[in-house]
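I have placed the structure first, in the form of structure tokens, so that the comments after it can refer back to it.
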């Protein structure tokens, strides 16, 4: 009996010693972040990537904002496999004088869905922030958009209802570019300057 207990304990201990696997992000997942590459494999080290993006504010002034992207894994205690959940977030914070507060896009791959979950969040100093979540993206209809003379493909278009009191009239988000246009109900707006993102 002691022999069997020793063998079982050795197996369990050995399993704990094995390095974890990760629910990797696909290139399409990564195209939602301000960090995009066709070949990226997470190996356990947290990724921190910074860039600077330009916008035209209200058709008059150019503003440049830092954006920070983090990619990391977390152990899920309800998951009894040796595969860790993957999470990522790109965050941009505005100067309050712009009339905008912050925008964020995040993705999570927990192995629960065929696709990683996408979360779009924007705060434009309304009563409530705008939030949109997709657990399955195969039925999401993407469009094109013309912003400052550039035609963008694969664009999510959001039109928050007035009753949600977000203060936002429309949001355009393009894969590989991020937020390309945001317009508030008071007429103020931000439009992405035509410059491709930096590659990590």
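Rule-based calculations on the coordinates, nothing more; no lab input. Everything quoted here is computed from the prediction, not taken from an experiment. All Cβ positions, glycine included, derive from the backbone under ideal geometry; neighbour counts span all protein chains shown.
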Under 8 Å for C-alpha pairs, at least 6 residues apart: give me the relative contact order for the chain, rounded to a whole percent.
18
Once both axes come from the Cα atoms, what is the angle between helix 2-17 and the longest principal axis of the chain, in degrees from 0 to 90, rounded to 10?
20
If we count other beta carbons within 10 Å of each Cβ, what is the order of 38, 70, fewest first?
38, 70
The chain shape via C-alpha gyration tensor axes, a/c threshold 1.5:
prolate
How many angstrom separate the Cα center of the range 73-138 from the Cα center of the range 160-188?
17
By count of other Cβ within 10 Å, fewest leading, how are 32, 75, 87 ordered?
75, 87, 32
